[in-house]
Amino acid sequence: MSKNGFSITGAAPEEPGSELTFGVRGLHCASCVNTLEIKLLEESGITSAIVNLATETVFVRFNPQQLGPADIFRIVHSAGYTPVELNRSESVKDDDLRSQFNWFIFSILASLPIMFTMKLHSNSAAMQLNLILATTVQFSAGLVFYRGAWSAIKNRSANMDVLVALGTSAAYFYSLAAFFGLLGPHRVMFFETSVMLIAFIRLGKYLEARARGKAGEALKKLLHLQADKARLLTEEGERDVPVSVVRIGDVVLVLAGEIIPVDGEVLEGSGAVNESMLTGESLPVFKKPGDSVSGSTISTNGVMRIRATRIGEATLLAQIVKMVRDAQADRAPIQKFADVVSSWFVPIVMLLSFVTFVCWYLFLNSDFLTAFRYAIAVLVIACPCAMGLATPTAIMVGSGIALARGILVKKGSALEIISRLNILLLDKTGTITIGIPAMTDLVPASRSVDPMRLLECLATAEAYSTHPLAQAALAAAIEAGITPGRADEFDERGGLGISCRYEGFQLSVGNERLMLEMGVALTPLAKRCSELSEAGKSLVYVAAGNALVGVAAFADTIKSGSAKAIADLRNMGIKTCMITGDHADVAAIVAKQAGVDSFEAEVMPERKRDLVREYQNRGMIVGMVGDGINDAPALAQAQVGIAIGGGTDVAKEAGDIVLMRGDLMDAVRAILIGRATLRKVKQNLFWALFYNMLGIPLAAGLLAGQGIFLKPEYAGLAMAFSSVSVVVNSLILKRIDKTLR
């Protein structure tokens with residue numbers, strides 16, 4: 001407990017003392033969101049506040065020199081809402097769900113006797129029972145609306161609770177006055193209206209909370225993947241301990257079928273690991289000593305001893321969970337429209353309710369009770385909740401679909417922006433291409449030279465070199481089942497190559513300059529080498545003594561899905577431009593193979609950023625795809641930065657979206673998900689507005705002459721289900737997953 005009386009442990013800032021994310025209870029509609037944000041931003045030390053109705057979370061950026069977390073929680077509490085630590089928010093939501101259901105059952109059971117006896121106005125015993133039941137429901141199940149309304153009024157705002165409290169109170173207190181004869185001898189009571197209103201709204205809130213829980217299933221699945229225990233190896237032997245006890249440097253034992261408890265490095269043993277929860281890739285990945293593993297992935301076979309390198313909040317899963325929460329709390333640009341409408345919504349509805357009463361009572365000469373009921377119906381049918389849920393629920397579902405595909409959305413707004421891209425800039429190395437050289441050609445100098453023997457000589461000479469081309473040669477030999485021989489008298493000459501003695505002859509492996517120094521004639525392969533060079537490939541010659549044996553060609557090859565992804569982008573109406581620091585001739589060859597619309601070569605990182613700006617100055621919405629290191633300036637400058645690859649440093653990526661598998665096709669999928677999400681947001685906003693535009697006139701009795709009207713309790717039911725319909729419509733977005741190739 002802090003000096004202010006409010007403290008939450010476990011709600012840690014993203015960067016100590018600067019950002020804070022926590023759960024909040026008591027949010028009922030978009031007006032609540034606006035009220036809490038305004039209240040927080042009134043504090044001079046708070047620079048940013050984002051409240052998310054769908055996830056019931058608050059993100060705050062603040063100046064730690066002026067206030068701390070306890071002060072922020074005090075502000076939230078004074079606004080009438082309850083802050084909750086983030087790691088408890090799921091259990092709190094479950095409790096709220098059970099509470100909503102229990103209150104609905106209680107209020108509907110209480111309303112049944114009233115409904116059966118509501119015509120027995122002359123029966124004093126029945127009316128006394130109705131009074132007791134209505135009073136009980138009004139000030140128990142309905143008390144939450146009074147609390148919310150009082151908090152809103154204290155903050156000089158109006159929300160859904162104000163509308164519900166006014167509507168139910170009007171029906172209840174009118175009936176109460178009629179019961180005691182204060183309205184004349186011809187008393188008409190409708191206690192059933194207030195009780196059924198509360199019951200139906202409670203039902204709607206329960207269904208809404210349940211549907212919202214399904215919208216956040218992706219995040220729940222991640223949380224449930226975390227291991228509870230670890231098998232710690234100590235000097236005394238194996239010991240089962242809680243994961244929280246494990247420290248960096250500790251060694252844990254993981255058996256087949258077990259969840260890997262921490263991020264770490266394999267020290268001994270090997271096995272296949274299911275990493276689908278991180279990458280979306282269903283095939284297990286084989287791990288051997290020296291390889292890194294991520295906590296919460298599953299060992300499918302083998303036994304491994306793993307040294308912990310990351311624990312707690314530093315693990316990859318914890319980073320991903322945090323980024324998903326941040327993305328779902330982020331505000332998409334289209335949400336601004338809903339915010340503006342919501343800020344005026346409740347006052348306008350209250351005005352319309354008053355106008356409805358005046359028109360029916362004064363101008364249409366209706367009796368007081370009829371005009372009164374129409375006014376109540378207008379109050380309770382209006383629903384600001386639907387507009388508040390329209391954007392965040394769609395983003396929750398969209399980001400969940402992306403996450404299941406190994407696409408990590410770090411900013412919810414990125415899903416909207418990516419759907420509107422005009423051009424996508426693509427880094428070459430590691431994005432379009434694999435990023436490491438591979439041997440593409442092995443050409444013997446004559447028919448008498450055995451290609452396998454040539455590869456053996458190449459691998460033998462390169463066996464102790466760390467040069468990328470040497471490693472590529474070794475990889476090619478191992479793939480062909482060739483083991484490097486034992487050579488001696490190694491001489492690695494920087495910038496030229498390697499010479500050594502192997503099986504009694506001098507072996508030279510290197511570039512053209514080394515061959516010239518060794519007196520090796522390159523004439524036999526001159527034409528073929530020229531063709532390979534023109535194709536942008538690096539050449540490594542192999543000579544025995546002063547005789548040319550053959551040549552190997554290496555290149556950074558295009559990823560298997562790059563050309564298909566670029567073709568799909570073109571079909572989607574998005575231009576592509578490859579930017580690279582490589583030479584122009586190599587860039588031209590890769591650009592042709594990949595099928596990009598244009599390219600720029602020999603570009604420095606600063607120039608990549610400037611290029612993004614140039615396209616933006618033309619009025620284009622620009623996306624940038626890169627590896628997140630040397631492309632960081634361009635990724636940050638673009639409206640949407642898409643970082644290729646992730647691994648354990650995923651949180652350091654500069655992009656708004658991270659493609660965990662490093663597959664360019666996932667960029668296409670991200671755009672498709674973004675477009676589907678934006679369509680769903682627009683549908684939600686349309687139906688939320690259309691519902692109110694249709695429902696309010698109907699509740700006001702404009703079609704009463706045709707016999708079409710709504711009793712207040714059924715208007716309340718319609719209001720409750722409008723929010724449910726928006727959430728359900730967002731859940732339909734999950735169908736797009738089946739269309740993603």
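A few notes on this one:
- Any hit, the stretch 125-145, residues being within 30 Å of residue 330 (Cα to Cα), in contact with an Asp or Glu (Cβ under 6 Å, 6 or more places away or on another chain), surrounded by 22 or more Cβ atoms within 10 Å (Cβ to Cβ) and among the aromatic types (Phe, Trp, Tyr): yes
- Pairs are defined by a Cβ separation below 9 Å, a sequence spacing of at least 6 or placement on different chains, a first member in the stretch 57-76 that is touching a residue at least 12 places away in the same chain (Cβ under 8 Å), and a second member that is in a helix (DSSP H, G or I) and acidic (Asp, Glu); the pairs so defined are 58/37; 59/326; 62/71.
- Residues being farther than 25 Å from residue 32 by Cα and either in contact (Cβ under 8 Å) with a residue 40 or more places away in the chain or part of a loop (DSSP other than H, G, I, E, B) (or both) - total across the stretch 156-186: 11
- Boolean, residue 421 is assigned to a loop (DSSP other than H, G, I, E, B) and either in contact (Cβ under 8 Å) with a residue 60 or more places away in the chain or within 30 Å of residue 474 (Cα to Cα) (or both): yes
- Meets criteria (in contact with an Asp or Glu (Cβ under 8 Å, 6 or more places away or on another chain), closer than 28 Å to residue 635 by Cβ and either not aromatic (Phe, Trp, Tyr) or not assigned by TED's automatic domain parsing to the domain that holds residue 630 (or both)) for residue 498: no
- Within the stretch 458-476, considering residues that are in contact with a strand residue (DSSP E or B) (Cβ under 7 Å, 6 or more places away or on another chain) and over 22 Å from residue 445 (Cα atoms), the one surrounded by the fewest Cβ atoms within 10 Å (Cβ to Cβ): 464
- Residue satisfying condition, being more than 22 Å from residue 556 (Cα to Cα) and either at pLDDT 90 or above or out of contact with any Leu (no Cβ under 7 Å at 6 or more places or on another chain) (or both), within set 465, 508: 508
- Across the stretch 246-272, the number of residues qualifying as surrounded by fewer than 13 Cβ atoms within 10 Å (Cβ to Cβ) and over 16 Å from residue 299 (Cα atoms) comes to 2.
- Residue in the stretch 241-264 that is over 16 Å from residue 314 (Cβ atoms), part of a strand (DSSP E or B), touching a residue at least 12 places away in the same chain (Cβ under 8 Å) and within 28 Å of the chain's Cα centre (by Cα) present: yes
- Considering (1) within 30 Å of residue 511 (Cβ to Cβ); (2) buried (at least 23 other Cβ atoms within 10 Å of the Cβ), the lone condition that residue 607 does not fulfil carries the number (2).
- At least 2 residues being more than 46 Å from the chain's Cα centre (by Cα) is the threshold, and among the helices (runs of 4 or more DSSP H) wholly inside the stretch 438-529 those reaching it are 451-462, 512-517.
- Qualifying residue in the stretch 366-389 (condition: in contact with a Ser or Thr (Cβ under 7 Å, 6 or more places away or on another chain), outside any helix (DSSP H, G or I) and either charged (D, E, K, R) or outside the structural domain of residue 531 (by TED's automatic domain parsing) (or both)): yes
- Boolean, residue 732 is surrounded by fewer than 19 Cβ atoms within 10 Å (Cβ to Cβ), without any contact (Cβ under 8 Å) to a residue 12 or more places away in the chain, touching a helix residue (DSSP H, G or I) at 6+ places or on another chain (Cβ under 9 Å) and more than 16 Å from residue 164 (Cβ to Cβ): no
- Look at the stretch 662-678: where a residue is of a type in the set (D, E, K, R) and a partner is surrounded by fewer than 24 Cβ atoms within 10 Å (Cβ to Cβ) and outside any helix (DSSP H, G or I), sitting 6+ places away or on another chain with Cβ atoms under 7 Å, you get 663/561; 666/405; 666/406; 669/405; 669/740; 675/419.
- Residue in the stretch 579-593 that is farther than 27 Å from residue 442 by Cβ, surrounded by 18 or more Cβ atoms within 10 Å (Cβ to Cβ) and outside the structural domain of residue 458 (by TED's automatic domain parsing) present: yes
- Helices (runs of 4 or more DSSP H) contained in the stretch 538-657 and holding at least 1 residues over 25 Å from residue 438 (Cα atoms) and modelled with pLDDT under 90: 605-617, 632-637
- Residue within the stretch 59-78 that is small (Gly, Ala, Ser) and under 21 Å from residue 144 (Cβ atoms) present: yes
- Single residue of the stretch 97-115 satisfying the filter (under 32 Å from the mean Cα position of the chain (by Cα) and surrounded by 16 or more Cβ atoms within 10 Å (Cβ to Cβ)) that is modelled with the highest pLDDT: 101
- Scanning the stretch 392-429 for residues that are of a type in the set (Ser, Thr, Tyr), more than 8 Å from the chain's Cα centre (by Cα) and modelled with pLDDT under 90 gives 393, 413, 429.
- Only one of 716, 674 that is crowded, with 21+ Cβ neighbours inside 10 Å and within 15 Å of the chain's Cα centre (by Cα): 674
- Residue match in the stretch 187-199 (condition: of a type in the set (Ser, Thr, Tyr), over 35 Å from the mean Cα position of the chain (by Cα) and not in a loop (DSSP other than H, G, I, E, B)): yes
- Residue ID - nearest to residue 476 (Cα to Cα), chosen from residues in the stretch 550-585 that are touching a Leu at 6+ places or on another chain (Cβ under 8 Å) and of a type in the set (S, T, N, Q): 562
- Boolean, residue 671 is at pLDDT 90 or above, under 30 Å from residue 164 (Cβ atoms) and in a helix (DSSP H, G or I): no
- Every pair of residues 6+ apart whose Cβ atoms lie under 8 Å, when the first sits in the stretch 323-337 and is touching a residue at least 24 places away in the same chain (Cβ under 8 Å) while the second is surrounded by fewer than 22 Cβ atoms within 10 Å (Cβ to Cβ) and part of a loop (DSSP other than H, G, I, E, B): 326/14
The values are calculated or read from the model by the stated rules, or taken from the named source; none is laboratory data. Since the structure is predicted, the reported quantities are computational estimates derived from the model, not experimental observations. Glycine gets a Cβ as well: all are built from the backbone with ideal geometry, and neighbour counts include every protein chain shown.
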